[in-house]
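All of the numbers you see were taken from the coordinates with simple rules; none came from a lab. Quick caveat, the model's predicted, so the values are computed rather than measured. All Cβ positions, glycine included, derive from the backbone under ideal geometry; neighbour counts span all protein chains shown.
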Amino acid sequence: MGANMVEVGDVVVSLDIFKEKFLCDLQACQGACCIEGDAGAPVELEEIAAIEEALPVIWNDLSLKARGVINKQGVAYVDKEGDLVTSIVNGKDCAFTCYDEHGCCFCALERAYRQGKIKFCKPISCFLYPIRVKKRGAFSALNYNRWDVCKAAVMLGQKEDLPVYKFLKEPLVQKFGEAWYQELELVARELKKAGYLD
């Protein structure tokens, strides 16, 4: 692998996943990642079925505009880059975005999941953010995505000294398995011993 990548099983991992610090700070960002950008969150085919199954439970939490978009085009669409993504409202807001009484965004799917009402949390691309996964033949590549709206998360992560891979343990285990995550931690220790990490 290149100087900035390591292999963990059949996954190519950017060193930024180990080096960069990150911890979501919802009070500061108000959930901007759910409402900024020009396309929805990437989704996998099997996730669309899970979202459709969850719709009756979360339907009343969605805005009228979001319901209209979903009724018209479904829970997902193919964006201009050819990727399957969640439907969006007003050209940017994820259709599954809701707001609390303080104006903070949250995911209707994740809230219902955390309340035990559904079995699907949210698209893995959302759960893994700021990691982006790209398929490269038989391999998956994990890269760290830098975005201005997450500046507060970077600052909080630095304050708490929390690397991206530790912040995202739960979704990484969900996506790649516990054994793979343990191997990732081993690689992190080896990188630290070799002087690649602080």
Which of rounded, prolate or oblate describes the range 31-121 when judged by the alpha-carbon gyration tensor and an a/c cut-off of 1.5?
oblate
Tell me, in nm to one decimal, what length is gained between Ile48 and Lys193 on full extension, where the rule is 0.36 nm per residue of separation less the Cα-Cα distance?
48.0 nm
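What number comes out for the charge environment of Ile51, summing +1 per Lys or Arg and -1 per Asp or Glu over other residues with Cβ under 15 Å away?
-2
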Sequence-distant lysines (8 or more away, or on other chains) whose Cα lies within less than 23 Å of Lys192
Lys19, Lys21, Lys159, Lys166, Lys169
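Using 0.36 nm per residue, how much length does the chain from Glu185 to Leu55 gain when fully extended, once their Cα-Cα distance is taken away?
On the way: separation 130, 0.36 × 130 = 46.80 nm, distance 3.66 nm.
Length difference between fully extended and current span is 43.1 nm.
How would you order 120-132, 51-63, 6-18 from highest to lowest mean count of nearby Cβ atoms within 10 Å?
Those peptides, ordered most packed to least, come out 120-132, 6-18, 51-63.
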In terms of the alpha carbon gyration tensor, root eigenvalues a ≥ b ≥ c, rounded if a/c is under 1.5 and otherwise prolate when a/b exceeds b/c or oblate, the chain is prolate
With +1 assigned to the C-beta of every Lys and Arg and -1 to the C-beta of every Asp and Glu, and no other charges, what is the dipole magnitude of the range 31-121 about the Cα centre in debye, to the nearest 20?
340 debye
